1. Please go through the stretch B:303-321 and give me each residue that is in a strand (DSSP E or B) and under 22 Å from B:V250 (Cβ atoms), ordered by number.
2. Can you tell me which residue within the stretch A:114-136, out of those that are farther than 20 Å from B:R253 by Cβ and more than 7 Å from chain B (Cβ to nearest Cβ), is surrounded by the fewest Cβ atoms within 10 Å (Cβ to Cβ)?
3. Specify the residue that is nearest to the chain's Cα centre (by Cα); the eligible residues are those in the stretch B:107-132 that are part of a loop (DSSP other than H, G, I, E, B) and of a type in the set (G, A, S).
4. Of the conditions (1) within 13 Å of chain A (Cβ to nearest Cβ); (2) over 26 Å from B:S241 (Cβ atoms), B:N290 clears all except one; give me its number.
5. Anything in the stretch B:133-167 that is in a loop (DSSP other than H, G, I, E, B), loosely packed, with under 15 Cβ neighbours inside 10 Å and either within 30 Å of the chain's Cα centre (by Cα) or not assigned by TED's automatic domain parsing to the domain that holds B:L91 (or both)? List them, or say none.
6. Within the stretch B:266-285, is even one residue at pLDDT 95 or above and surrounded by 21 or more Cβ atoms within 10 Å (Cβ to Cβ)?
7. If you go through the stretch A:30-51 one residue at a time, do you hit one that is within 22 Å of A:W158 (Cα to Cα), loosely packed, with under 15 Cβ neighbours inside 10 Å and at pLDDT 90 or above?
8. Out of the stretch A:164-184, which residues are closer than 20 Å to B:G56 by Cα and at the interface with chain B (Cβ under 7 Å from one of its Cβ atoms)?
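The values are calculated or read from the model by the stated rules, or taken from the named source; none is laboratory data. Small disclaimer: the values here were computed from a predicted structure and weren't measured. Positions of Cβ are backbone-derived with ideal geometry, glycine not excepted, and every protein chain shown enters the neighbour counts.
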Amino acid sequence: MRRAAIVAVVVSAVLALAGCTGGDDEPSPTGPTAAQPSASGTPGPVGDDAASLEGQGIASATFAVPGSPEDTVDVVIQSLVVSGKTTELRVVFTPHFTSIAPDDTVSIFEMTDQNLRPTLNDTIGLTQYFVLSNTGLDWETDVTTAVTNGTPVLYQAWFAAPQSRAEVLDLQLSAAWPPFENLPLTYEG
Amino acid sequence: MSRHLRSAALAAVLVLVAPTAATAADDVLTLDDLPPISDGMPTSLFNVRTYDNLTGILTTRSYDASDAVKQLGDVSAGSGETVVTLASDILFTSDSAKLSAAATKRIGELVDGVPKSATVQVDGHTDSVDTPAHNQALSERRAKAVAAAVADARPDLDLEVHGYGESRLKERESGDDAEAARAANRRVELRYEGSATPSPTASASTASTSAPTGPLTVRDVPSWDGVLADTTAESPEAPGSTARVGIESVVVRGNVLQVSVLVEQVGGAPARAIDLVPGLSRPLVIDRENLVQYSVLSNTGQTWSTDQLGTVDLVPGAPTRYVATFPAPVVAASKVDVIVTAGVFELADVPVTTAS
């Protein structure tokens, strides 16, 4: 996963130097910057960043960490957007761990007890979509990104666009957590 | 290996972002200030990574529902002989040789086209679970029950009834597919000369093409409150360990049937769920009224389920939820049996609901 983060940095550097940031509406798929995203994908004030991670999104829930029921994670699904050939998922995780010291951090991976494997399920088209990957590296936020208790962190992942124009999909973030059923899709363009 | 990759990546970053001494004085960094791009750089995995395998099985996995639906009476013909294989799991409940009225009627339909006064062999078989003597007796009782149903429908036929117990296994019962092999071995076969084709099986319902209309929902934490059916038994593969297995829901959603199974270890040394409850990763759903068996949707060995949880130790004092996805019923079903571990963790007459 650390390799994924480095790769993300490289990709960002290439895009920035080439002046190809993907447009104002398209956040860059970077791991390290995911904890402080802004709507434009460029660095912004901390306050604005924090605000962008608040709210209920299109769905939310609080789950216990698998194997550590006293630790919980607030999960907010911000969006599920189909654009061109891909579907982008944006999820905000906020850890509430009683098992760590106040200054300790907890990674996205630890929040799911190393079981994070997002899957979009189409119950009409009988199809499952997994995070796009290349040579074992997934197109997603670096899951080793860590935050302190109560601090939200944005997780992004990209999937293949639905083969049929599905209106809703089920989202399974971890096998140990119940899925979000009938999650609405937004189509861009 | 990973260290090399990281080093390569860092080198790439430095190459791309570090201005030369000459450019530092100019204040403004331009592409002209960068070193020339080598031949391999633009296509290096670290510089440009394409995610263009949009339909590979690791990114987009489609399932064929027909592979996961079995109706009573698989027919094969060759060398002038017809063999009708009746899956015992559809015909009988565990360790039973009693046929339901629906099963008796369907067997009669299956032998409707057998040539008049033909000789029909009725052969009972079991898997290798339990003792050979037990299996021999069970196979004989089941063969006789099927023969009685055949005789009722076709008194003109000459029946030769045999029980073979576990002596003629159809598939080897080992490895990851042992449970499926055992299910295939539990059968009663009808053999006769000729190639008469049995009457068609129940017609399939039309698949849904519209999106589910239910509200956006997230299930609560698993709880035994409100569970539809449950049973507690000693694990057949972890002696001394006891598990409670229950069905939380059986729901039709769109073109799938989703079964939520709760498992909790209630005795013995901590164990993984798949060791405690064999078959948990591939339970079976049986509609005994319409004589249809459903398997978990599968594609090249990968199943649509949360079976990876089975490799994790169960949490003491709390149930763990497993969800398996099956094809939607081809014939509307009001209740089904869910076979998690044949003969041990079986839940009968579980009501089926349809998502609103």
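1. Applying the first criterion (in a strand (DSSP E or B)) to the stretch B:303-321 yields B:303, B:305, B:313, B:320-321.
Within the stretch B:303-321, B:T303, B:S305, B:T320, B:R321 qualify.
2. Looking at the filtered set, the residue picked out is A:G136.
3. So, considering only residues that are part of a loop (DSSP other than H, G, I, E, B) and of a type in the set (G, A, S), the one nearest to the chain's Cα centre (by Cα) is B:S128.
4. Among (1) within 13 Å of chain A (Cβ to nearest Cβ); (2) over 26 Å from B:S241 (Cβ atoms), B:N290 violates only (1).
5. B:S167
6. There is at least one residue in the stretch B:266-285 that is at pLDDT 95 or above and surrounded by 21 or more Cβ atoms within 10 Å (Cβ to Cβ).
7. no
8. A:A166
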